[in-house]
Amino acid sequence: MTRSDGKRPDGVTLIPYPHGKFLTWDVTVPDTMATSHVQATSTAAGAAADRAAADKNTKYAAFQQTHIFVPVSVETMGSTPWNCESLKFLNNIGRKLTAVT
């Protein structure tokens with residue numbers, strides 16, 4: 001699970017997720033007020049989280065052939081700090097946990 005540059009995702013399941021692939025995730029928390037994000041976040045809530053998630057998808061593109069990769073991205077502040085893909089994933093996990101408990 002290590003890339004050629006030595007970086008690796010934060011986690012991976014031991015049991016295959018849907019479609020027979022293992023689930024892999026990597027968490028990032030971009031600063032909403034960082035100079036590199038402030039222009040985008042001043043006009044669109046969640047813009048820093050969306051950009052960080054897109055960067056994670058690019059970073060781990062090679063894993064997506066054998067794994068389901070989900071970037072979990074949440075901003076440090078804001079009215080909509082979660083990336084949509086992250087929120088959908090966490091809601092799905094929450095529903096599954098509720099169903100089995």
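In segment 1-36, of all residues being among the small types (Gly, Ala, Ser) and more than 17 Å from VAL70 (Cα to Cα), the one that is most open to solvent (accessible area, probe 1.4 Å) corresponds to SER4.
Considering segment 42-52, the residues that are closer than 11 Å to GLU75 by Cα and of a type in the set (A, V, I, L, M) include one that is surrounded by the fewest Cβ atoms within 10 Å (Cβ to Cβ), namely ALA45.
Quick one: which residue in GLN64, GLN39 is under 14 Å from the mean Cα position of the chain (by Cα) and either under 18 Å from VAL12 (Cα atoms) or surrounded by fewer than 20 Cβ atoms within 10 Å (Cβ to Cβ) (or both)? Testing whether each residue is under 14 Å from the mean Cα position of the chain (by Cα) and either under 18 Å from VAL12 (Cα atoms) or surrounded by fewer than 20 Cβ atoms within 10 Å (Cβ to Cβ) (or both) leaves just GLN64.
The values are calculated or read from the model by the stated rules, or taken from the named source; none is laboratory data. All of these numbers come straight from a predicted model, not from anything done at the bench. So basically every Cβ, Gly included, is an ideal-geometry build from the backbone, and we count neighbours across all protein chains shown. With ligands, DNA and RNA removed, areas are computed over all heavy atoms of the protein, side chains included. Shrake-Rupley method; radii C 1.70, N 1.55, O 1.52, S 1.80 Å.
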